[in-house]
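To start, the structure under review is shown below, and the notes come after it.
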Amino acid sequence: LSGVTDELAALVRSASRVAVLSGAGISAESGVPTFRESQTGLWEEFSAEDLATPEAFQHAPALVWTWYRWRQSLIQQVAPNPGHAALARWQRGMAGAGGVLSIITQNVDDLHERAGAEVLAHLHGSIFEHRCAECGKPAELPPPDYDGFTAPPEPEQPPTCACCGAFVRPGVVWFGEMLPMEAFEAASAAVRSADVVIVAGTSGIVQPAASLPLLALERGAPLIEVNPVESDISEVMDFCLRGPAGEMLPALAAH
Ligand code: APR
């Protein structure tokens, strides 16, 4: 679909529990590159998937660390877009009417929060939190002081843990690592009890997040995808809104 039909509008209006799974695509219109787009500058020759692993951090800590600090600085410089704003508005509206809209995100940015929404689960952690790669002790760091848009900095070594001296790492979930259990359980419960599930801006490639929407099938809750192009999970969707989240989510939320 290229727009919200009467059938879809009615469905959304009648739902008192909505669950939304968001991915990198929802932040794309804010200027945060998605994971499977090609990269720029210093990182042109690396794919995000190659950098986001424990092995990469072990072998090239400076490269991986600086890539995350660069993304962090970029995220700090961008603003939420109309897609984030629509979800925040919709969430407040649902709460006011005795319903609930749960936001589950794979994004490590804070753009949902900055738009005024509450996030139920950050499945892949947060780029703003840091901890020791060995002992897990949380580390407080000042924000990066370079410009995330223009000059990717030269790779620099990560800081070290005040307790054990090992490298500090970003508080994100890397490929091959476990998701935070509490977040995943809260997300599963929200999807299981939802009347409607919206999947916005995700390629549906990365497990187990990509399987979450399938839990809606147990209750027969309809699945709505928001993505300009087909994703790996498009075939299980009941409705596919083919357009940018910044246009499609406000259109849905209007109902
Ligand atoms: N609106 C909606 N969707 C969009 C937009 C937009 N404006 N722009 C791009 N998309 C879609 C793309 O078509 C693609 O399907 O967003 C999706 C982004 O896919 P990925 O880059 O794979 O991001 P995501 O699905 O969030 O990746 C999952 O992989 O690298 C790991 O941990 C990382 O959380 C991430 C996970």
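Read-outs: derived from the displayed coordinates by stated rules, not from any lab. These figures come from a predicted structure and were not determined experimentally.
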CD proxy at 222 nm, helix term only [per DSSP H run n ≥ 4: -39500 (n - 2.57); per residue of the chain; nearest 500]: -9000 deg cm²/dmol
log₁₀ of I(q)/I(0) at q = 0.18, 0.21, 0.28, 0.32 Å⁻¹ - the stretch 45-93, Debye sum with one point per alpha carbon: -0.67, -0.74, -0.98, -1.11
Distant-in-sequence amide H partners of R169 (H built 1.01 Å from N, under 5 Å): R131, C132, A133
Amide proton proximity set for L241, modelled H, under 5 Å, gap of 5+: E225, V226, N227
Dimensionless Rg/Rh of the stretch 157-255 - Kirkwood Rh, Rg from C-alpha atoms: 1.11
Amide H contacts under 5 Å for V18, placed H, 5+ residues apart: V100, L101, S102, D195
Calculated over the stretch 61-178: convex hull of Cα atoms, volume per residue (Å³): 121
Gap separating the Cα centres of the stretch 179-203 and the stretch 1-60, nearest whole Å: 15
Size descriptor, Kirkwood hydrodynamic radius, that averages inverse alpha-carbon separations across the chain, Å: 18.9
